[in-house]
Protein chains: 4
Amino acid sequence: MGFKFNNDRIYDIIAIGRACIDLNAAEYNRPMEETMTFSKYVGGSPANIAIGCSKLGLKVGFIGKIPDDQHGNFIKKYMADAGINTSNMVIDKEGHKAGLTFTEIKSPEECSILMYREKAADLYLNPSEVHEEYIKQAKVLLVSGTALAQSPSREAAIKAVGLARKNDVKVIFELDYRPYTWKSKEETAVYYSLIAEQADIVIGTRDEYDTMENLEEGMGENQKSVNFLFKHRPGLLVIKHGVEGSYAYTRAGDVFRGHAYKSRVLKTFGAGDSYASALLYALIRGKDIETALKFGSASAAIVVSKHSSSEAMPTVDEIEQLISENEKK
Amino acid sequence: MGFKFNNDRIYDIIAIGRACIDLNAAEYNRPMEETMTFSKYVGGSPANIAIGCSKLGLKVGFIGKIPDDQHGNFIKKYMADAGINTSNMVIDKEGHKAGLTFTEIKSPEECSILMYREKAADLYLNPSEVHEEYIKQAKVLLVSGTALAQSPSREAAIKAVGLARKNDVKVIFELDYRPYTWKSKEETAVYYSLIAEQADIVIGTRDEYDTMENLEEGMGENQKSVNFLFKHRPGLLVIKHGVEGSYAYTRAGDVFRGHAYKSRVLKTFGAGDSYASALLYALIRGKDIETALKFGSASAAIVVSKHSSSEAMPTVDEIEQLISENEKK
Amino acid sequence: MGFKFNNDRIYDIIAIGRACIDLNAAEYNRPMEETMTFSKYVGGSPANIAIGCSKLGLKVGFIGKIPDDQHGNFIKKYMADAGINTSNMVIDKEGHKAGLTFTEIKSPEECSILMYREKAADLYLNPSEVHEEYIKQAKVLLVSGTALAQSPSREAAIKAVGLARKNDVKVIFELDYRPYTWKSKEETAVYYSLIAEQADIVIGTRDEYDTMENLEEGMGENQKSVNFLFKHRPGLLVIKHGVEGSYAYTRAGDVFRGHAYKSRVLKTFGAGDSYASALLYALIRGKDIETALKFGSASAAIVVSKHSSSEAMPTVDEIEQLISENEKK
Amino acid sequence: MGFKFNNDRIYDIIAIGRACIDLNAAEYNRPMEETMTFSKYVGGSPANIAIGCSKLGLKVGFIGKIPDDQHGNFIKKYMADAGINTSNMVIDKEGHKAGLTFTEIKSPEECSILMYREKAADLYLNPSEVHEEYIKQAKVLLVSGTALAQSPSREAAIKAVGLARKNDVKVIFELDYRPYTWKSKEETAVYYSLIAEQADIVIGTRDEYDTMENLEEGMGENQKSVNFLFKHRPGLLVIKHGVEGSYAYTRAGDVFRGHAYKSRVLKTFGAGDSYASALLYALIRGKDIETALKFGSASAAIVVSKHSSSEAMPTVDEIEQLISENEKK
């Protein structure tokens, strides 16, 4: 059993949200105080998912705001080269900068990040820069939770969801919770609930569902989350439990479980974005939900073994090979 | 034909939003530069409506934030004396002040206001200060559009609407558009649409509906507004056209027209709030929609002939007398 | 012995800083929660001093910023009618409002105020709006401490002091400390010291000198203050001790004491501004320091017995009469 | 002829201001869009000067604020390892980040930078974090112009200058003008004048002097600048004219000219900081002004031929060798 999309559309998926810069320490397994060199990549959850989807062969568009500087130019060129339509990536004219993420890989288990998100250009996307003509050309609108963290990006994302619903574009809400951009947990819960209730598919970790429900971490239960959201619009809910795998719930009452694949882990960054891109690829290509969960897990297992989150996104062949290797065992 | 409410509730209506101070020039028919004395009243659309409803005999509660100073004390005492439950009026502890409105009455046709809304306490109501236990005790939650203008009041109002829906409390959305508190028309349109789609009854002027639809003033049409909103939750829409009267549309397809009553106009302030309070009174008391429109018009006609917007709110007897006098003619 | 000014100048005194609105409760001897009517006056320390000086017959100019609304129009007209040159009172074009002071007179001993200073227009005076051509026409530049509280008014005031020194205009620094406009006591101390060191005459209460010296209230000593400031530019220091009178110190080593006059006190507001205006009048008219201290005390005694701070400013005759009545005793 | 310092002090020089992170593109001679790797260095004018002075053998202290993260730790450790006393480098506890400078070297003539200065930790140094006990232990306080750009760092720097003057510590003001941190040119001119008038030595480019005098670039004249500042406290003024060399003016009326040394230029960054550190070293070590100008020029010539601004700071031997090589010619 799969999930139905409106097929007479130009784009398989249009993502809205941030496209930023990752600066990954070139030296592994040591604290950042001792690293001297950083490698530059495009980063940010919806950009990574867009790149992942494009690499898998989907037709992808992006709505976002990038700075009018060298980092902005790099982001746009990289995404265009990855095959993404960048016609709705707006150049900021008010001096905002690209968000930055410095990553530190002390050990596979101990990774941390240092974020520069103050006045990040992506948070200044205006609702007037979100166009119905563009959104209505998509099967799917992917909304990243971080796009809701501050105004005016928040209003731009809410407007995009309204336009998607009006034009029968499926809304995928990737919770993508990053605490540092939000004022309070209460505020996050208000907007996460608001958008989740209007989405068709919601994807997040159990902790992110807890945040949406304004619960302490670890206090939520999948069944309660499912009961609540199925009173509203969603048709498919994906809840991720880390190494224990993930669960997919359908409105029809089916429950599917996906298992994590083993991998030689270099770092944990990028797992969620690669998971989402391969899961969406599979759903959009009409595969059933069980297969989609396998695609997500396989893609995540590949990316955590490599240095970047965007550049490392796998091909369909790589994913299928990993799945088939694991099924032989 | 009327409108159904959940009757096993303690409060007829709980309003959420601002309660402020009006400073009305004591001297009429001259520019404010020449006035030397101001009379102090409680003001702010939802406070006025709450006072109006209470004076008509409804059981009323209020959710809002007031300053920790003499103006805040005055507001709370005045509303309590008017019979309103003030247990959920929170005292601001961060130094915010009461919003102020200086009014100038140059002539009945030429009234203007001078607003102090910078860091007004009401805009600092937090979502954590909105309690489900309180809201679920009401038949009706009245949300004022201005409560959506800034964070965190915006999130508090969105949360209140969510709690109302969860607990089968009817949501009345009074558009109450005040441009000076909003960053842009686009931003207003995003939140007005969002809440209107989730409300049971929407009340506003034609211009306010235009604002919600992100149209130039005068470009909107009632039928289009009605077609759009009846795809969502609303069951009753009231659109006001000033001296030409008002229209009420039901989901069932009925259209009712209300006519404005003649009055010796002193000033135009307060007309909308008195209209809303009497209309809501009539609906909650089970009167049919035609009667409710008459109540609204009669109440407005009385208030515009007096000096204040809150203190001047009429009784049921006064309203019924005005209606019956007009029907004799 | 008096104080020398440069006499070939058009203006006796140009004041820089705020001109605002006072709203004085019309009803005395009760808490503001119970007052219903407010009378409107021009207020703000440098505006009051300018009005006081003009009423005493000095030629006065004013540098400040007022809002583009009815309150701004009122302020400008009132000051012009009081004989003040308003050519350098700039109209704010960014929507800032007039500062407001609601006064409450519970009893002569218990007066309090409720301030609206958020984004007050006076604090938005730009350095580019301070003109050398104007300042060089004055004998005296009066700088109010509150003008230093926020940027860009702070930079405008610092620029004015530099231009005054360059053009041999005496700088009078009235400390006028209002805690609510400052971020911290440390910040106040930095700018108060900076300007006091460059001023010719400094006037303030003992508490205000303590603030300048970053001391706890009551920890300062006049002799230490005097020793410190006479290492820099000042030639005359006036330190006020409330009902115990005031002291004037000269660089030459003279000390003069002024005594407070008895008065039927209605409220304490306005005492400092009326004191400063009459003291400055006397010094500019060439009277000796002892006489100037008497003028200050007499003017203060008259204003505290009346309802306003600006409108109540006395004439020379009233002051001289009060002094002569007291000397007879 | 040299310049006299108070010699019974522990520190030769204490610098106040920013210590940040430089991220220099590892690949030269190409646009940043095409560079993939960045090398990390400590940067920021006063930090560079402090490192330069320490490497030359001076005893150096530093007053500044650094973030509570990996970048902050790196900065502090690097400076301590360079021999600088870091006891007055305060750890920010409010989440501010290290300023970042990405550098791009397209060609020796075409270098550009991309700054992250939004809420940079150094700009949050509080006046209460500047201690008289520390400053009075120094011969010289070096103030960087950028420290004046925003509050509260601005007040911290003004306070430091006041304490230096009180304790007979010579104040060196390095104009170090960076437009992106200032609100307006007028604002810069106000604070630059204020501090320059109170400094003992002022160092800057001709363009920076123009900024201080609120002139269009290129409109200033050295003689006018000199005439104005010698009416106040300064005893020595250094004005740099790029490849045409620099001029030093003394209050006694002497004028000295320094010449730029030829160098294989890799990039232009760091020239000013290396110039200042070597000039100050020479003056503090009692060398005459002509020699000090040579030291400055030689140090600059060495740094522009290397990749970083801090790590590349030369030793005394390297400087003396370059001078002697040039004098042989």
Q. Restricting the stretch D:88-122 to residues that are in a loop (DSSP other than H, G, I, E, B) and at the interface with chain A (Cβ under 10 Å from one of its Cβ atoms), which is surrounded by the most Cβ atoms within 10 Å (Cβ to Cβ)?
A. D:ALA98
Q) Which of the following residues is polar (S, T, N, Q) and in contact with a helix residue (DSSP H, G or I) (Cβ under 8 Å, 6 or more places away or on another chain): D:GLN150, D:GLN137? A) D:GLN150
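For every residue, the table says whether it meets (1) of a type in the set (S, T, N, Q); (2) surrounded by fewer than 18 Cβ atoms within 10 Å (Cβ to Cβ); (3) closer than 19 Å to B:PRO46 by Cβ; (4) touching an Asp or Glu at 6+ places or on another chain (Cβ under 6 Å).
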site: B:GLY235; (1), (2), (3), (4): no, yes, no, yes
site: B:ASP254; (1), (2), (3), (4): no, yes, no, no
site: B:GLY258; (1), (2), (3), (4): no, no, no, no
site: B:GLY270; (1), (2), (3), (4): no, no, yes, no
site: B:ASP273; (1), (2), (3), (4): no, no, yes, no
site: B:ILE284; (1), (2), (3), (4): no, no, yes, yes
site: B:ALA301; (1), (2), (3), (4): no, no, no, no
Q: Could you tell me whether the stretch B:54-68 includes any residue that is modelled with pLDDT of 95 or more, surrounded by 24 or more Cβ atoms within 10 Å (Cβ to Cβ), within 9 Å of chain C (Cβ to nearest Cβ) and part of a strand (DSSP E or B)?
A: no
Q.
Quick check on my filter: what residues within the stretch D:99-112 are of a type outside the set (Ser, Thr, Tyr) and modelled with pLDDT under 90?
A. D:GLU104, D:ILE105, D:LYS106, D:PRO108, D:GLU109, D:GLU110, D:CYS111
Q) What are the pairs, 6+ residues apart or on separate chains, where a residue within the stretch C:11-26 that is more than 13 Å from chain B (Cβ to nearest Cβ) has its Cβ under 8 Å from a residue that is of a type in the set (D, E, K, R) and in a strand (DSSP E or B)? A) C:TYR11/C:LYS139; C:ASP12/C:LYS139; C:ILE13/C:LYS139
Q) Which pairs do you get when a residue that is within 10 Å of chain D (Cβ to nearest Cβ) and farther than 17 Å from C:VAL143 by Cα, found in the stretch C:174-190, comes within reach of a residue that is part of a helix (DSSP H, G or I) and of a type outside the set (Gly, Ala, Ser), reach meaning Cβ atoms under 6 angstrom, with the pair 6+ apart or on two chains? A) C:GLU186/D:PRO127; C:GLU187/D:GLU155
Q. Does B:ILE319 meet the test of being crowded, with 20+ Cβ neighbours inside 10 Å, within 21 Å of B:ASP176 (Cα to Cα) and β-branched (Val, Ile, Thr)?
A. no
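Please go through the stretch B:39-49 and pick out each residue that is in contact (Cβ under 8 Å) with a residue 60 or more places away in the chain and either of a type outside the set (Val, Ile, Thr) or assigned to a helix (DSSP H, G or I) (or both).
We begin by selecting, within the stretch B:39-49, every residue in contact (Cβ under 8 Å) with a residue 60 or more places away in the chain; these are B:39, B:41-49.
B:SER39, B:TYR41, B:GLY43, B:GLY44, B:SER45, B:PRO46, B:ALA47, B:ASN48, B:ILE49 - these are the residues of the stretch B:39-49 that are in contact (Cβ under 8 Å) with a residue 60 or more places away in the chain and either of a type outside the set (Val, Ile, Thr) or assigned to a helix (DSSP H, G or I) (or both).
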Q) Restricting attention to the stretch A:149-173, and to residues there that are surrounded by fewer than 23 Cβ atoms within 10 Å (Cβ to Cβ) and in contact with a Ser or Thr (Cβ under 7 Å, 6 or more places away or on another chain), which single residue is nearest to the other protein chains (Cβ to nearest Cβ)? A) A:GLY162
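For the stretch A:218-238, enumerate the residues that are more than 18 Å from A:GLY272 (Cα to Cα) and in contact with a helix residue (DSSP H, G or I) (Cβ under 8 Å, 6 or more places away or on another chain). Lay out the reasoning, then the answer.
Step one: of the stretch A:218-238, the residues more than 18 Å from A:GLY272 (Cα to Cα) are A:218-235.
If the condition is that a residue be more than 18 Å from A:GLY272 (Cα to Cα) and in contact with a helix residue (DSSP H, G or I) (Cβ under 8 Å, 6 or more places away or on another chain), then A:GLY218, A:MET219, A:GLY220, A:ASN222, A:SER225, A:LEU229, A:HIS232, A:ARG233, A:PRO234 are the ones that fit.
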(Q) Tally up the residues in the stretch C:191-214 that are away from every other protein chain (no Cβ under 14 Å) and either among the aromatic types (Phe, Trp, Tyr) or more than 20 Å from the chain's Cα centre (by Cα) (or both), please. (A) 1
(Q) Of the residues B:SER246, B:SER305, only one is in contact with a helix residue (DSSP H, G or I) (Cβ under 7 Å, 6 or more places away or on another chain) and either of a type in the set (S, T, N, Q) or farther than 21 Å from B:ASP176 by Cα (or both); which? (A) B:SER246
Q: Identify all residues within the stretch A:123-147 that are assigned to a loop (DSSP other than H, G, I, E, B) and within 13 Å of another protein chain (Cβ to nearest Cβ); write none if there are none.
A: A:LEU125, A:ASN126, A:VAL130, A:HIS131
Q. Checking A:THR35 against (1) within 14 Å of another protein chain (Cβ to nearest Cβ); (2) in contact with a helix residue (DSSP H, G or I) (Cβ under 7 Å, 6 or more places away or on another chain), which single condition isn't satisfied?
A. (2)
Q. Does the stretch A:200-209 contain at least one residue that is surrounded by fewer than 21 Cβ atoms within 10 Å (Cβ to Cβ) and without any contact (Cβ under 8 Å) to a residue 24 or more places away in the chain?
A. no
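Would you say C:GLU320 is of a type outside the set (Ser, Thr, Tyr) and modelled with pLDDT under 95? Spell out the reasoning first.
Numbers: of a type outside the set (Ser, Thr, Tyr): yes; modelled with pLDDT under 95: no.
So C:GLU320 fails the test.
Any residue at all in the stretch C:107-115 that is in contact with an Asp or Glu (Cβ under 6 Å, 6 or more places away or on another chain) and within 27 Å of B:GLY72 (Cβ to Cβ)? Show your work before the answer.
Step one: list which residues in the stretch C:107-115 are in contact with an Asp or Glu (Cβ under 6 Å, 6 or more places away or on another chain), which gives C:112, C:114.
Narrowing further to those that are within 27 Å of B:GLY72 (Cβ to Cβ): C:112, C:114.
Scanning the stretch C:107-115, I find at least one residue that is in contact with an Asp or Glu (Cβ under 6 Å, 6 or more places away or on another chain) and within 27 Å of B:GLY72 (Cβ to Cβ), so the answer is yes.
The values are calculated or read from the model by the stated rules, or taken from the named source; none is laboratory data. For clarity, every value in this text was computed on a predicted model and none was experimentally measured. Reconstructed Cβ throughout: ideal geometry from the backbone, glycine too, with neighbour counts over all protein chains shown.
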